[in-house]
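Before any comments, here is the structure.
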Amino acid sequence: MGFKETKIVDQVLNEAIKYIKHVPRVVDSTITEALNKYLAEDAVAKFDVPGFNRSAVDGYAVRSVDTFGASSTNPITLRVIGFMSVGDDSSKYSLNPGEAVEISTGAPLPINADAVVMYEDTRRAGDYVEVLRPVPPMGNVSRRGEDVKANEVMYRKGMKILPWDLGVLASMGIYRVKVFSPRVAIISTGNELVEVTDVLSKGPPPGRVVNSSRFVIEGLLKSLGCEPVYLGIVGDYEERIAETIDNALRDYDAVITTGGVSVGKVDYTIKAVMRLKPEYINHGLSIRPGKPNSIAVVNGKPIFMLSGFPVAAATGFDVLVRPILLHMMGATDDPRPIVRGILTRRVSTPVNTRSFVRVRVYLGRDGKVYVDPLALTGSGVLSTLVRGNGILIVPENREGFDEGDEVEVTLIRPLFVEGS
């Protein structure tokens, strides 16, 4: 017996979010530890950046008024009284009328200077410099607070901290930040499962399979700045599954189970979750692969019940887990690279179902981009996770695409090159 009814992803997300009230764990961390996590509060600059007026070029710091009227045929001569380097104090020199200070890029302007003449617009002669072009007030000067002003909100709550943000935060005087660090429990179900550490080199016994989906989910959670906690294999035991999930809900921000969510005799996860009297539950999605992927909400916390097959579980994570966890953190997803290419053969998909077709995208010898569909069925075909480098999404209102159609693909790895 199949699913009685499945809903489209967007409908399920909108419904589930209304019941999710829990705010995930927030930790105080150094900016380095915050990398790839989402801010739990705004980050405010403690001081101006730069904290002083500084030269934007190599040249001579001057009083701009002393350069007015200068030209190559009528140069203005100024006396050079010294040199300012990066790290010098601005009080090292004070300009009087008719004076200049040689200065390097990034050095503070000396007292009374309000502009910098580039080397290219000067001609040096001993202790004097001829200015060949006038410079306006604050010309070639990076002003105090030009980059960031004190008390300015540079980073909003929910923003993801990327590598270059670490330097910006440090320059703002920020070393510690509060970030979301959701702890997510992972529970594997299925009597057929064995841990990879128990079958190293010898392979699993007949009828048993390595619990590979667990590692897929762990990796995907880490990419969202979450802390995955693996609680082990429970097996196909309804009461044990219910007890393990119930206990996990007390200690973790969310729970992910794998396996036991289809409509077979040994699919106990849905029944186990029903024992917990969820405020919301949805069994099955109108997607392929991953139709059995489901969600429930208990005491304001989400329980994601994903397929035991790794490809289907990964799809369920992307369409269900990722958007919900991001919503809980007030964050938005990273943009993904999109490429357009020519489909090498027809892709047929069921109507009213959003299909995620793994494809191989490559640059042909003719300079055109081609999209080659891989396995169109089979949610457990692990090889497509490696051989493919893109995902072709077929929306619910289409039955597929024809050979030769130009389609849009989301890249998950770089383009391949034909023949390489």
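Given a cut-off of 21 Å, what percent of all Cα-Cα pairs of the stretch 302-374 lie beyond it?
It works out to 47 percent of all Cα pairs.
Considering the chain as a Gaussian network with a 10 Å cut-off on Cα pairs, which listed residue, Asp253, Asp147, Asp48, attains the greatest mean-square fluctuation?
Comparing Asp253, Asp147, Asp48 in the GNM, the peak value goes to Asp147.
Heavy-atom accessible area per residue, the chain, 1.4 Å probe: how many Å²? Before the final figure, lay out each step's value.
Values: 20130 Å² over 420 residues.
Roughly 48 Å² per residue, with all protein chains present.
Near Lys7, which aspartates and glutamates are there with a Cα under 14 Å away, not counting those fewer than 8 places off in the same chain?
Lys7 reaches Glu15, Glu396.
Which ³J(HN,Hα) values in Hz, rounded to whole numbers, follow from the phi angles of the stretch 240-248 under the Karplus curve 6.51 cos²θ - 1.76 cosθ + 1.60, where θ = phi - 60° and Gly and Pro get x?
Per residue, the Karplus-derived 3J(HN,Hα) values read 5, 4, 4, 5, 5, 5, 4, 5, 5 Hz.
Between (1) -0.43, -0.72, -1.07; (2) -0.37, -0.74, -1.23; (3) -0.30, -0.65, -1.17, which matches log10 I(q)/I(0) by the Debye sum over Cα atoms at q = 0.06, 0.09, 0.13 Å⁻¹ calculated for the structure shown?
Step by step, log10 I(q)/I(0) by the Debye sum over Cα atoms at q = 0.06, 0.09, 0.13 Å⁻¹ for this structure corresponds to label (1).
Given a 1.4 Å probe and the protein chains all in place, what does the accessible area of His22 round to, in Å² to the nearest 10?
Its heavy atoms expose roughly 50 Å² to the probe.
Could you look at the stretch 271-381 and say what percent of its accessible area is carbon and sulfur, using a 1.4 Å probe and all protein chains? Intermediate values should be presented prior to the final figure.
Working: 2360 of 4340 Å².
With neighbouring chains kept in place, the figure for the stretch 271-381 is 54 percent.
Distance cut-off 23 Å, Cα to Cα: go down the list Lys277/Lys301; Lys157/Lys291; Lys21/Lys291 and report the pairs above it.
On the way: Lys277/Lys301 13 Å; Lys157/Lys291 34 Å; Lys21/Lys291 26 Å.
Result: Lys157/Lys291; Lys21/Lys291 exceed 23 Å.
Counting each DSSP H run of 4 or more residues in the chain as -39500 (n - 2.57), what helix-only mean residue ellipticity at 222 nm follows after dividing by all residues, to the nearest 500 deg cm²/dmol?
Details: 8 runs with 68 residues, N = 420.
One gets -4500 deg cm²/dmol as the mean residue ellipticity at 222 nm.
So for the stretch 22-142, considering every pair of alpha-carbon atoms, how many percent are separated by more than 25 Å? Could you put the intermediate results ahead of the total?
Working: 2699 of 7260 pairs.
When all Cα pairs of the stretch 22-142 are counted, 37 percent exceed 25 Å.
For the chain, with only Lys/Arg (+1) and Asp/Glu (-1) charged at the beta-carbon, what is the dipole magnitude about the Cα centre, in debye rounded to 20? Kindly include the intermediate steps, with their values, before the conclusion.
Numbers: 49 positive and 50 negative charges, 205 e Å.
Roughly 980 debye for the chain.
What figure, in Å² to the nearest 10, do you get for the accessible area of Asp318 with a 1.4 Å probe and non-protein molecules left out?
Spelled out: Asp318, probe radius 1.4 Å, area about 50 Å².
Let me have the relative contact order for the stretch 81-165, percent, based on Cα pairs under 8 Å that are six or more residues apart. Don't jump to the answer; show the numbers that get you there.
Values: 93 pairs, mean separation 18.1, N = 85.
In percent, rounded to a whole number, it is 21.
With every protein chain kept in the model, how would you rank Ser213, Ser201, Ser94 by accessible area, 1.4 Å probe, largest at the top? Walk me through the numbers on the way to the answer.
Working: Ser213 5, Ser201 130, Ser94 55 Å².
Largest accessible area first, the list is Ser201, Ser94, Ser213.
If I fit a long axis through the Cα atoms of helix 213-223 and take the longest principal axis of the Cα atoms of the chain, what angle between them do I get, 0 to 90°, rounded to 10?
20
The values are calculated or read from the model by the stated rules, or taken from the named source; none is laboratory data. Computed from a prediction, not measured in an experiment: that's the story for all the values here. For neighbour counting, all protein chains shown are included, and Cβ atoms are generated from backbone atoms with ideal geometry for every residue, glycine included. Note: accessible area is taken over every heavy atom of the protein model, side chains too, but ligands, DNA and RNA are not part of it. Shrake-Rupley method; radii C 1.70, N 1.55, O 1.52, S 1.80 Å.
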